[in-house]
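The values are calculated or read from the model by the stated rules, or taken from the named source; none is laboratory data. These numbers were taken from a predicted model, which means no experiment stands behind them. Cβ placement follows ideal geometry from the backbone for every residue including glycine, while neighbour counts extend to all protein chains displayed. These area figures cover heavy atoms from the full protein model, side chains too; ligands, DNA and RNA do not enter into them. Shrake-Rupley method; radii C 1.70, N 1.55, O 1.52, S 1.80 Å.
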Amino acid sequence: MIQIKNLYKSFGEGDKKIVVLEDFHAQFERGKITSIIGGSGSGKSTILKLLIGAYKADAGQILIDGEDITQMDNEGLNEVRKKFGIMFQSGALFNSLTVEENVALPLREHTDLNDSTIRIMVKMKLEMVGLRGAEHLKPAQLSGGMIKRIALARAIALDPKIVFYDEPSAGLDPISIGVIDKLIIGLSRKMWITSIVVTHEIPSAMRISDKIIMLFKGKIIANGSPEELQKSTDPRVVQFIQGDPDGPIPFSKSQVDYGEELKEMKF
Ligand SMILES: Nc1ncnc2c1ncn2[C@@H]1O[C@H](COP(=O)(O)OP(=O)(O)OP(=O)(O)O)[C@@H](O)[C@H]1O
Ligand SMILES: [Mg+2]
């Protein structure tokens, strides 16, 4: 469904140039949940932004249903984006709009459906995230977990084939994380949605993922099922999964040497 080939992305020029992704390859399968994990600054959000066409790659290909989006103009990208749902990190709801209006936004923007049809579709999406009845509330009246669920309802408003999640459970209590996990799994299993989840929550990634990709300095150091990652002997993977402050992954981003070649680990 989505294939990334030989992708390069850097920021800045000359001395200030940082290479974020170097010869990056990945594949995201239809109907499966793939999580991308890795330390701060490892390039997770950059991948998400390249996938939605918000950043331009320096080189390489991003094939979505066989079409290379790196070669597309804005018009082409807008067409491809209709296949996407994006759940933004902060929820990114509009504070002045009600829950109903927030979830209806993509429908109003991208379809010609009439008001009553839109209202019914919004109700169905709210039902799916367990928040039927919250239509008339404003974001300020919602808890953090509810905001994430509304953001999820909006992400799936157009019945997308692909949903990108940026830290869907950051800042939530364990029960709310469990609720979001269950919703992501449900969407993937019942609606055959291809899910790409950027997350810091290791237990959550272990629960929901068919595949986990771990990044370190813009390179893949682990790529496999949750079980395979748990069995990994790579000290960087072990440290990250166990959340150990001491180990090969530096605490501060500024210590990262992007020039260093890394041996890729294969399962
Ligand atoms: N627009 C930009 N301009 C310049 N540098 C950028 C830009 N976006 C990202 N970077 C740099 O690219 C590197 C990777 O950033 P990215 O946001 O992808 O990391 P991340 O893995 O998402 O980290 P976090 O877990 O902290 O969100 C960082 O060093 C960052 O400073
Ligand atoms: Mg990020």
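In the stretch 1-114, counting only helices (runs of 4 or more DSSP H) that sit wholly within it, the ones holding 1 or more residues that are within 16 Å of residue 219 (Cα to Cα) and within 16 Å of ligand 2 (Cβ to nearest atom) span 44-51.
Residues checked against (1) within 12 Å of ligand 1 (Cβ to nearest atom); (2) open to solvent by less than 50 Å² (accessible area, probe 1.4 Å); (3) touching a Phe, Trp or Tyr at 6+ places or on another chain (Cβ under 9 Å); (4) within 20 Å of residue 160 (Cβ to Cβ):
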residue: 17; (1), (2), (3), (4): yes, no, yes, no
residue: 56; (1), (2), (3), (4): yes, no, no, no
residue: 74; (1), (2), (3), (4): no, no, no, yes
residue: 93; (1), (2), (3), (4): no, yes, no, yes
residue: 100; (1), (2), (3), (4): no, yes, no, yes
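Scan the stretch 139-158 and report the pairs whose first residue is in contact (Cβ under 8 Å) with a residue 24 or more places away in the chain and whose second residue is of a type in the set (Lys, Arg), with Cβ atoms within less than 7 Å and a gap of 6+ or a chain change. Filtered contacts from the stretch 139-158: 153/125; 156/125; 157/125; 158/82.
Here residue 137 clears all of (1) at positive phi; (2) open to solvent by 40 Å² or more (accessible area, probe 1.4 Å) except the condition numbered (1).
Scanning the stretch 33-54 for residues that are touching a Phe, Trp or Tyr at 6+ places or on another chain (Cβ under 8 Å), more than 18 Å from residue 3 (Cβ to Cβ) and among the hydrophobic types (A, V, I, L, M, F, W, C) yields a single hit, 37.
For every residue, the table says whether it meets (1) touching a Phe, Trp or Tyr at 6+ places or on another chain (Cβ under 8 Å); (2) open to solvent by 70 Å² or more (accessible area, probe 1.4 Å); (3) within 16 Å of ligand 1 (Cβ to nearest atom); (4) not polar (S, T, N, Q).
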| site | (1), (2), (3), (4) |
| --- | --- |
| 2 | yes, no, no, yes |
| 14 | no, no, yes, yes |
| 29 | no, yes, no, yes |
| 87 | yes, no, yes, yes |
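Identify, please: which residue in the stretch 31-54 is open to solvent by 40 Å² or more (accessible area, probe 1.4 Å) and of a type in the set (D, E, K, R) and is, among those, farthest from ligand 1 (Cβ to nearest atom)? Filtering first and then ranking leaves 32. The set of residues from the stretch 149-171 being among the basic types (Lys, Arg) and surrounded by fewer than 20 Cβ atoms within 10 Å (Cβ to Cβ) comprises just one member, 161.
Do we have residue 167 as of a type in the set (D, E, K, R), within 16 Å of ligand 1 (Cβ to nearest atom) and at pLDDT below 85 here? Quick ask: steps written out before the conclusion?
Details: of a type in the set (D, E, K, R): yes; within 16 Å of ligand 1 (Cβ to nearest atom): yes; at pLDDT below 85: no.
When the stated conditions are applied, residue 167 does not pass them.
Identify the residue in the stretch 172-189 that is surrounded by fewer than 13 Cβ atoms within 10 Å (Cβ to Cβ) and within 18 Å of residue 35 (Cβ to Cβ) and, among all such residues, is farthest from ligand 2 (Cβ to nearest atom). If you could, list the steps in order and put the result at the bottom.
Within the stretch 172-189, the first condition is being surrounded by fewer than 13 Cβ atoms within 10 Å (Cβ to Cβ), and the residues that meet it are 173-175, 189.
Filter once more, so that each one left must be within 18 Å of residue 35 (Cβ to Cβ): 174, 189.
Details: 174: 22, 189: 27 Å.
Per the stated criteria, the residue is 189.
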